[in-house]
Structures are given as structure tokens and as C-alpha cells.
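Here the structure comes first, spelled out in C-alpha cells, and everything after it is commentary.
The values are calculated or read from the model by the stated rules, or taken from the named source; none is laboratory data. It should be emphasised that the depicted structure is a prediction, and the values quoted were computed from it without experimental measurement. Note that each Cβ is placed from the backbone with ideal geometry, even for glycine, and that neighbours are counted across all protein chains shown.
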Amino acid sequence: MKLGMRNSNAKFVDFGFLSGMIPGKNILPTNLDMVVCKDGRKFLVGEWKHDNEPMSLGQKIVLKGLAAQENFTVLVIYGHSDDEWTQVGKFYQVSKDKLIYIDHGREALKSYINTWWKLN
């Protein structure tokens, strides 16, 4: 049995229809690629990016804001995942205005998540 996205045919949401939802502000929602919740109060959030894929200003603001919360750990993970394979490159923890290198590879990410779970 292959585990992964519950719906591999799920489409990304185009939030453009919400443009102008807050008068005078150019704000649109952003999505998150990974959220793990422990006990309804501790959260591990991950944003996946392909190598050299830019991150929007909005995503940067959201990830930095979440990382500033005491109950959130935020990762940026470079890699690729589709129906055929998953590759995990370098991954970083968001901390204030910088990314702190953690490790690379699938097993390292699984180990990091396991350790996060135990410590939270």
C-alpha cells in the first residue's frame, strides 16, 4: 500500500478570487504543505519548495509569523514529491529572519519529526 496524499489528484486552490477582500490591502491567503499537530497545541509546519523555487513575500511573512509563536516549529524543505517518488534535499528551521540548516534526506527528515514529537 502506498501512503501519501489522500487525494493525489487534488488541485491547488487559486486564491485570486479573494483579491480585494481587505480594502486597501493587497493580501491573499497562502497555503501550507505540511502540518503535524500534537495534543492540539503544538504544531510542526512545513513548506516544500523545489530547488531554486522562489518563495512569495506573503509566504515568508506567514512562516516567520508562525515561527515567532511559541507553539509552532516551522520548516522549509527543498525537494520533490509526486506519484512516482519523493526526494528530500536540504531542510531548514525558520528562526526570526533566517533559515537554520538542519539536515538533508528522507531519513533525516523522518528522524527530525520523530525527535520533534518526543520533545513536544
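Quick look at the values:
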read-out: Residue in segment 96-109 that is closer than 26 Å to PHE15 by Cβ and in contact (Cβ under 8 Å) with a residue 24 or more places away in the chain present; value: yes
read-out: Residue in segment 98-113 that is charged (D, E, K, R), at pLDDT 95 or above, under 19 Å from THR30 (Cα atoms) and assigned to a helix (DSSP H, G or I) present; value: no
read-out: Residues that are over 20 Å from GLY89 (Cβ atoms) and among the acidic types (Asp, Glu), drawn from segment 20-64; value: ASP39
read-out: Members of segment 59-73 found to be of a type outside the set (S, T, N, Q) and over 18 Å from ASN120 (Cβ atoms), listed by number; value: LYS60, ILE61, VAL62, LEU63, LYS64, GLY65
read-out: Given (1) of a type outside the set (Val, Ile, Thr); (2) farther than 30 Å from LYS25 by Cβ; (3) in contact with a strand residue (DSSP E or B) (Cβ under 8 Å, 6 or more places away or on another chain), number of the condition ASP39 does not satisfy; value: (3)
read-out: Residue within segment 90-101 that is more than 18 Å from LEU32 (Cβ to Cβ) and crowded, with 16+ Cβ neighbours inside 10 Å present; value: yes
read-out: Any chance LEU57 is within 22 Å of LEU28 (Cα to Cα) and under 13 Å from the mean Cα position of the chain (by Cα); value: no
